[in-house]
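Chemist: Right, I'll just put the structure down here and ask away after.
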Amino acid sequence: MKKRFLAAILVVAMTCGIFAGCGGSGDSGNAKDGGGNQADTGNEGTEGSEGGEDAPAAGGDVTLRFLDVSPSPERQAYFEGVFADFKNETGITVNYESVPWDDAADKITVLGSSNQLPDILTVHEFWLGQLTSAGWINPLDDYVAENLASVQTTATKILMENEKNLYGHIYRIPDGLMTKGVFYRKDWVEEINYEIPTGDDWTWDAYLDLIAALTDPEQNRYGNSFRGARGAFDPIQGMYLMGYTGGYTYDEEGNFLMDTEECAAALQKWCDVYLKGYAPKDSLNWGFAEMVDNFAGGLTGTLLNDSEVTATLMSKMDESQWGVLPVPISGVDKKQYNSTGASYAYSVASSSEHPEEATQLIDFLISAKNNIEYCKMGGLIPIRTDVGDDPTYGPSGPYAVFLEELSQDNLVFPTTYGAFDYTDLHQGMLHTELQKCLLGQITAQDVLTNIGAELTTRMKAYLEANEGATVAAPLSLQ
């Protein structure tokens, strides 16, 4: 089937960083080797009692492998508990495997190339170009059509339909929804009696002013948890620079739109957060885990990241210490460029010998009971509409700002880098070029010129190779 490139959104949420800024934990959890064999961690697949009379006839003979690409002790405990419940109901055993986020893309490539992918894997949006073109994951269109009536419109209208437009099919079932916000030290703001602008005055320049105001090296306080390592370019491109292009990444012919003086000036302002000392020197090499840990630990005063961080802060900080601000609006058109998506999503490997049972497990994972429990654990917004009236997601709850963002009239979901495979760029060039600027080796204009040249080449090649393909347009729920 010819792919039709109509529209795209970066995900956590999305996340990821949907934009990635996307999140993704650097915690190694209990990683296993490429063949799914247990590393020296003592981690075994949890087994419960055999299924009852309603279990599938072959259930007791089926063992599934599940790969988690963002492991943590909390996630492992959750999944192993749910897998035990699943075995009690179906007789099907599920073995938990994990690989650290920083190694996940490479590991999946190795496993896919050797036809050894686990039956179910957690997949980030950035990897879809590679996974789909290689044929390593199964389409899930039929499952979605038959089983997902009670799912949020954001998940179906934005995430799944967009994925179908991009890749011809729906390949992933979201684990939950995310969007981005600015976590800030409420107690620091009160100490210096700083008034944070609101409404149309809460722009990116206002955010940069807040970062500067919260910086006090004598007290070992820095205004921002700066991301300088992998994923560093995604949130700035996907939220800040998009304000200068109206949410478009390319023009109609596939030319990168951010290689301009205006975007270069904006990128330089962001790089100055690091260069002017508003972020710790070692943040040049920070990823998701370091950003969150240093905010929660009292070193930094703001953190631009996905709603999934909420759960961590609730467990590590007093509620009087922190709060959430919306993503700043564009000073150009007064719109908020943000992402919505899943932190990760569940896919079924095409090499699985048990695709029906694998899909059955996904259905169990996103059932109302399990979905809300998982979302509370992971800091997500449930994808289900039938999860009940839980105060966690109410107007006074910790996710109120994120839910309000997703209902704003001025919210725009920008486009991504493209439907082609850019895994190698995300693992390398997109952050190494930015790091060169932070080290004074190249200018902000050079960053955009170099990245833009490569993305333009790939987009033009994609358009030429896919008859009828067009450049993506930004979306909204309006």
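The values are calculated or read from the model by the stated rules, or taken from the named source; none is laboratory data. Bear in mind the structure is a predicted one, so any value in this text is a computation, not a measurement. A quick note on method: Cβ atoms are made from the backbone with ideal geometry, for glycine too, and the neighbour counts reach across all protein chains shown. All accessible areas refer to the heavy atoms of the entire protein, side chains included, with ligands and DNA or RNA removed. Shrake-Rupley method; radii C 1.70, N 1.55, O 1.52, S 1.80 Å.
Chemist: How big, on average over all directions, is the shadow cast by the Cα convex hull of the range 168-300, in nm²?
Modeler: The Cα convex hull of the range 168-300, projected and averaged over all directions, gives 10.8 nm².
Chemist: Here's a follow-up. Pull up all non-local amide H partners of Arg384: gap of 5 or more, or a different chain, and H-to-H distance under 5 Å with H placed in the peptide plane.
Modeler: Gln152
Chemist: Next up: In debye, nearest 20, what is the charge dipole magnitude of the range 127-250 about its Cα centre with +1 on Lys and Arg Cβ and -1 on Asp and Glu Cβ, if you could check?
Modeler: Computed about the Cα centre, the dipole is about 480 debye.
Chemist: Using alpha carbons only, what's the Rg to Rh ratio of the range 186-260 with Rh from Kirkwood? Could the numbers behind the result be given before it?
Modeler: Numbers: Rg = 16.2 Å, Rh = 14.9 Å.
That ratio is 1.09, to two decimals.
Chemist: Once ligands and nucleic acids are excluded and a 1.4 Å probe is used, how much of Ser367 is accessible, expressed in Å² to the nearest 10?
Modeler: Estimated to the nearest 10 Å², Ser367 gives 40 Å².
Chemist: Shifting gears a bit: On the full set of protein chains, 1.4 Å probe, figure out the accessible area of Lys335 and give it in Å² to the nearest 10.
Modeler: My reading of the accessible area for Lys335 is about 90 Å².
Chemist: Okay, next question. Using the heavy atoms of the protein chains and a 1.4 angstrom probe, tell me the accessible area per residue for the chain in square angstrom.
Modeler: Each residue of the chain exposes 38 Å² on average to a 1.4 Å probe.
Chemist: Additional query: Per residue, what volume in Å³ does the convex hull of the Cα atoms of the chain enclose?
Modeler: 141 Å³
Chemist: May I ask you to list the GluC sites (Glu not before Pro) in the range 345-393 that are in a DSSP loop and have at most 16 other Cβ atoms within 10 Å of their Cβ? Intermediate values should be presented prior to the final figure.
Modeler: Working: sites: Glu353, Glu356, Glu357, Glu373; in loops: Glu353.
Sites meeting the loop and neighbour criteria: Glu353.
Chemist: Sticking with this one: Treat every Asp and Glu Cβ in the chain as -1 and every Lys and Arg Cβ as +1, leave all other atoms uncharged, and give the resulting dipole magnitude about the Cα centre to the nearest 20 debye.
Modeler: The calculated dipole for the chain is roughly 900 debye.
Chemist: Let me ask something else about it. Regarding the range 346-388, what are the three Cα extents along the principal axes, ordered largest first, in Å?
Modeler: Dimensions of the range 346-388 along the principal axes of its Cα atoms: 35, 18, 12 Å.
Chemist: Of all accessible surface on the range 283-439 at a 1.4 Å probe, what whole percent is carbon and sulfur?
Modeler: 49 percent
Chemist: Taking a threshold of 31 Å on the Cα-Cα distance, which of the pairs Lys186/Lys376; Lys87/Lys180; Lys376/Lys436 fall above it?
Modeler: Flagged as over cut-off: Lys87/Lys180; Lys376/Lys436.
Chemist: Explain nothing, just compute: Karplus ³J(HN,Hα) = 6.51 cos²θ - 1.76 cosθ + 1.60, θ = phi - 60°, for every residue of the range 161-168 in order, whole Hz, x for Gly and Pro.
Modeler: The phi angles translate into 5, 5, 4, 5, 5, 6, 10, x Hz.
Chemist: Shifting gears a bit: Using θ = phi - 60° and the Karplus relation 6.51 cos²θ - 1.76 cosθ + 1.60, list the HN-Hα couplings for the range 299-308 in order, rounded to whole Hz, with x at every Gly or Pro.
Modeler: 8, 10, x, 9, 8, 8, 6, 7, 4, 4
Chemist: If you don't mind, there's one more thing I want to ask. Provide the solvent-accessible area of Asp103, counting protein heavy atoms only and rolling a 1.4 Å probe, rounded to the nearest 10 Å².
Modeler: 80 Å²
Chemist: Tally up the carbon and sulfur contribution to the accessible surface of the range 129-196 as a whole percent, 1.4 Å probe, everything protein left in place.
Modeler: C and S atoms contribute 38 percent here.
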